[in-house]
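Worksheet: the structure to be examined is printed underneath.
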Amino acid sequence: MRRESHVRFCEGAGVRLPRATRLVVLCRRSGEAVRDVAAEQLQALGLALNSAKTRVLDARHEAFTFLGFTVRLARSWRTGGWFPLIRPSADARQRLREKVKGLTARDRLALPTPVVIAEVNRVVQGWAGYFHFQHCTRDFSALRWFVEERVRIYLRRKHQHRTRAYQALPHEVLYGRLGLYRLPMRAPWVAPAHALR
């Protein structure tokens with residue numbers, strides 16, 4: 001279900017949603033002029049821009065983080081045109097690594113393997129559900145490798161393997177028999193939102 005229809009459904013059912021607290025506008029024109037127009041439009045709705053938190057920047061030269069995503073403008077190698085490059089932020093990726101590392105730490109070796117795998121799956125699947133968007137393929141590939149390695153390290157310690165356990169724990173065992181969640185490698189491509197449509 002698309003977000004727009006979900007919001008309409010909730011509002012139609014009488015559910016009150018909190019007002020938006022964050023807003024990003026990407027434009028080709030002067031940012032100051034767009035900020036002024038946005039302030040006028042928001043004022044007509046009874047809202048106001050917080051001048052202390054509002055900033056204008058050139059995304060071709062400076063990236064910004066918004067709701068866990070890092071956004072910057074990049075030039076397409078195929079067409080030569082500019083496009084918004086949106087990927088999970090470094091902080092978001094690091095938080096996932098720390099959670100997975102904590103779930104597969106030495107102090108959890110006494111837990112049954114299915115319990116640990118289920119907890120890892122819950123964290124990784126939830127993270128992927130939020131961040132599986134547009135230009136995430138490279139980041140998801142690196143994180144998939146990290147999750148596999150942490151689970152192998154956990155199982156190697158648990159069963160006292162002296163090797164790296166690649167032969168004892170190949171992908172078929174991790175994803176097949178143990179049921180580890182496989183992070184998707186391809187980003188979903190959806191039509192971007194457009195203010196004039």
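Is it the case, given these coordinates, that ALA142 is farther than 25 Å from LEU111 by Cβ and modelled with pLDDT of 90 or more? Yes, satisfied. GLY129 meets each of the listed conditions (1) surrounded by fewer than 13 Cβ atoms within 10 Å (Cβ to Cβ); (2) at pLDDT 95 or above; (3) small (Gly, Ala, Ser) apart from (2).
Residue count for the range 56-86, restricted to those that are more than 19 Å from the chain's Cα centre (by Cα), of a type outside the set (Phe, Trp, Tyr) and assigned to a strand (DSSP E or B): 1. If the condition is being under 29 Å from HIS61 (Cβ atoms), part of a loop (DSSP other than H, G, I, E, B) and at pLDDT 75 or above, then the range 28-47 contributes only SER30.
Candidates in the range 163-197 are the residues that are at pLDDT 80 or above, assigned to a loop (DSSP other than H, G, I, E, B) and not hydrophobic (A, V, I, L, M, F, W, C); of these, the one that is surrounded by the most Cβ atoms within 10 Å (Cβ to Cβ) is TYR181.
The values are calculated or read from the model by the stated rules, or taken from the named source; none is laboratory data. Here the structure is a predicted model, which is why all the values come from computation and not from measurement. Positions of Cβ are generated from backbone atoms using ideal geometry, with glycine treated the same way; all protein chains shown enter the neighbour counts.
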